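Quick one: this structure, given as structure tokens, is what I'll be asking you about.
The values are calculated or read from the model by the stated rules, or taken from the named source; none is laboratory data. Please read all numbers here as calculations on a predicted model, not as lab measurements. Cβ sites come from the backbone with ideal geometry, for glycine too, and all protein chains shown count toward neighbours.
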Amino acid sequence: MKKSLYILLILLMTASWSVGCGSEKSNATGKNEADEGKSQSESGDEKLQILASFYPMYDFAQKVGGDKVEVTNMVPAGTEPHDWEPTATDIRQLEDADVFVYNGAGMEHWAEDILASLDNQDLTIVEASKGLEFIEGEAHEHEEDEEEHEDEDDHDTGYDPHVWLNPLNAKAEMENIKNALVEADPENEDYYTENYEKYSAKFDQLDEKYKEELADIKGKDIIVAHEAFGYLCNAYGLNQVGIEGLSPDSEPDPARMKEIIEFAKENQIKTIFFEELVSPKVAETIAAEIGAKTSVLNPLEGLNDEQLEAGEDYFSIMEENLTALKEG
């Protein structure tokens, strides 16, 4: 019932927007495309309009699409995407888009219902994680949150959606995205394929670097803010201990805090990792209790404005994560 009401509200808001704004279309940069016309590539061809569900999907689509596409990240910079909800404007953009890229595995709890409500029959939809083997997990919720989230797919699939943190999984996701762009725009198949192959090699190089530089570290246990790093840890022989489960927006109860502190002391943990998009106070509390330091380990769920302006991307952040793991 809650989902049906949510979808109905979105559709009513979308209809009101359409009446009020006529044929004007706004994009992520705030440009009015009714005045400017659709974006064009350097060759003068009309660009493929892509909506990506959150940052990694945006980054992968932009890298493959290059000059032939215009990609919009639906989740604003600096926003944690797990419980983000699309607005009427987002739904309207999906109605006008050529391609929609999302991760799947329950990451976008809203996707199935929103996609079912669209009139856009020409939309090419790509679930980037399709074909990958998922890690089973449990999203830990506080009692007060259970009713709010009981209908959301990411809280009842039991799968860890953070597949992109294994570089080889990220490569597979980019290949699925490349295939979708070829489907939507077959005339530029060679261009998309060439871009994919370039980044495919970079994923392989990153994977090899992680293997080499983490192979000889003695401490294999890492304490993280939430269990986002299962795929990364499985790939490189590490063991994550999450203060929270798959969802990062809740706080542990006293019993869990005690358990983490005891584990950290027993295993001589010197660093507690936290994330930039959520509060570090729990990590800082545990670190203070055991005399450890805190450090950022980025799950790449979103970058902030400063990182984007500095030209950071998947590869640079994963390099920073590798450094943090070695130092931690």
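This table checks each residue for (1) of a type outside the set (A, V, I, L, M); (2) touching a Gly at 6+ places or on another chain (Cβ under 9 Å); (3) free of Cβ contacts under 8 Å to residues at least 24 places away in the same chain; (4) farther than 30 Å from residue 69 by Cβ.
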{"position": "179", "(1), (2), (3), (4)": "yes, no, no, no"}
{"position": "189", "(1), (2), (3), (4)": "yes, no, yes, no"}
{"position": "201", "(1), (2), (3), (4)": "no, no, yes, no"}
{"position": "214", "(1), (2), (3), (4)": "no, yes, no, yes"}
{"position": "224", "(1), (2), (3), (4)": "no, yes, no, yes"}
{"position": "233", "(1), (2), (3), (4)": "yes, no, yes, yes"}
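Name the one entry in 246, 325 that is buried (at least 17 other Cβ atoms within 10 Å of the Cβ), outside any strand (DSSP E or B) and more than 19 Å from the chain's Cα centre (by Cα). Talk me through it step by step, then tell me what you get.
On the way: 246 fails: more than 19 Å from the chain's Cα centre (by Cα).
None of the other options fit; the residue is 325.
Could you list all residues from segment 202-215 that are closer than 13 Å to residue 175 by Cβ and either exposed (fewer than 14 other Cβ atoms within 10 Å of the Cβ) or in the same structural domain as residue 234 (by TED's automatic domain parsing) (or both)? It would help to see each step written out before you state the result.
Kept after step one, since they are closer than 13 Å to residue 175 by Cβ, are these residues of segment 202-215: 203-204.
The answer is 204, and nothing else.
Please verify whether residue 75 is touching a residue at least 24 places away in the same chain (Cβ under 8 Å) and farther than 16 Å from residue 300 by Cβ, treating the condition exactly as stated.
Working: touching a residue at least 24 places away in the same chain (Cβ under 8 Å): yes; farther than 16 Å from residue 300 by Cβ: no.
It is false that residue 75 is touching a residue at least 24 places away in the same chain (Cβ under 8 Å) and farther than 16 Å from residue 300 by Cβ.
Output the number of the condition that residue 204 fails; it satisfies all remaining conditions of (1) of a type in the set (Asp, Glu); (2) in contact with a helix residue (DSSP H, G or I) (Cβ under 9 Å, 6 or more places away or on another chain); (3) under 14 Å from residue 326 (Cα atoms).
Condition not satisfied by residue 204: (3).
Yes or no: segment 303-322 includes at least one residue that is touching a residue at least 12 places away in the same chain (Cβ under 8 Å), assigned to a loop (DSSP other than H, G, I, E, B), of a type in the set (A, V, I, L, M, F, W, C) and surrounded by fewer than 21 Cβ atoms within 10 Å (Cβ to Cβ).
Checked segment 303-322: no residue is touching a residue at least 12 places away in the same chain (Cβ under 8 Å), assigned to a loop (DSSP other than H, G, I, E, B), of a type in the set (A, V, I, L, M, F, W, C) and surrounded by fewer than 21 Cβ atoms within 10 Å (Cβ to Cβ).
Go through (1) of a type in the set (A, V, I, L, M, F, W, C); (2) farther than 14 Å from residue 165 by Cβ; (3) surrounded by 21 or more Cβ atoms within 10 Å (Cβ to Cβ) for residue 297 and report which single condition fails.
(2)
Looking at segment 277-293, which of its residues are part of a strand (DSSP E or B) and surrounded by 19 or more Cβ atoms within 10 Å (Cβ to Cβ)? Working first, answer last.
The initial filter retains those residues of segment 277-293 that are part of a strand (DSSP E or B), namely 293.
Passing the criteria: none in range.
So that you can scan it fast, the table gives a plain yes or no per residue for (1) in contact (Cβ under 8 Å) with a residue 40 or more places away in the chain; (2) part of a helix (DSSP H, G or I); (3) outside the structural domain of residue 179 (by TED's automatic domain parsing):
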| residue | (1), (2), (3) |
| --- | --- |
| 62 | no, yes, no |
| 81 | yes, no, no |
| 91 | yes, yes, no |
| 94 | yes, yes, no |
| 100 | yes, no, no |
| 121 | no, no, no |
| 126 | yes, no, no |
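Additional query: Restricting to segment 127-186, and then to whatever is at pLDDT below 70 and in contact with a Leu (Cβ under 8 Å, 6 or more places away or on another chain), can you tell me which residue is surrounded by the fewest Cβ atoms within 10 Å (Cβ to Cβ)?
Residues of segment 127-186 that are at pLDDT below 70, as a first pass: 138-157.
Narrowing the set further to residues that are in contact with a Leu (Cβ under 8 Å, 6 or more places away or on another chain) leaves 138-140, 154.
Details: 138: 12, 139: 24, 140: 19, 154: 21.
So the residue we want is 138.
Quick check on segment 74-88. Is at least one of its residues within 16 Å of the chain's Cα centre (by Cα) and closer than 19 Å to residue 189 by Cα?
Kept after step one, since they are within 16 Å of the chain's Cα centre (by Cα), are these residues of segment 74-88: 74-86.
Imposing the further condition that a residue be closer than 19 Å to residue 189 by Cα reduces the set to none.
Checked against the condition, which is being within 16 Å of the chain's Cα centre (by Cα) and closer than 19 Å to residue 189 by Cα, segment 74-88 yields no hits at all.
Condition check ((1) over 24 Å from residue 165 (Cβ atoms); (2) in contact with a helix residue (DSSP H, G or I) (Cβ under 9 Å, 6 or more places away or on another chain); (3) not hydroxyl-bearing (Ser, Thr, Tyr)) across all residues:
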{"residue": "73", "(1), (2), (3)": "no, yes, yes"}
{"residue": "89", "(1), (2), (3)": "yes, yes, no"}
{"residue": "94", "(1), (2), (3)": "yes, yes, yes"}
{"residue": "98", "(1), (2), (3)": "yes, yes, yes"}
{"residue": "102", "(1), (2), (3)": "no, yes, no"}
{"residue": "120", "(1), (2), (3)": "yes, yes, yes"}
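Condition check: of a type in the set (Lys, Arg), assigned to a helix (DSSP H, G or I), farther than 18 Å from residue 61 by Cβ and in contact (Cβ under 8 Å) with a residue 40 or more places away in the chain. Does residue 209 satisfy that? Before the answer, list the steps.
On the way: of a type in the set (Lys, Arg): yes; assigned to a helix (DSSP H, G or I): yes; farther than 18 Å from residue 61 by Cβ: yes; in contact (Cβ under 8 Å) with a residue 40 or more places away in the chain: yes.
For residue 209, the condition - of a type in the set (Lys, Arg), assigned to a helix (DSSP H, G or I), farther than 18 Å from residue 61 by Cβ and in contact (Cβ under 8 Å) with a residue 40 or more places away in the chain - is met.
When the residues of segment 66-85 are narrowed to those that are at pLDDT below 95 and more than 16 Å from residue 305 (Cβ to Cβ), which ends up surrounded by the fewest Cβ atoms within 10 Å (Cβ to Cβ)?
In this case the residue turns out to be 85.
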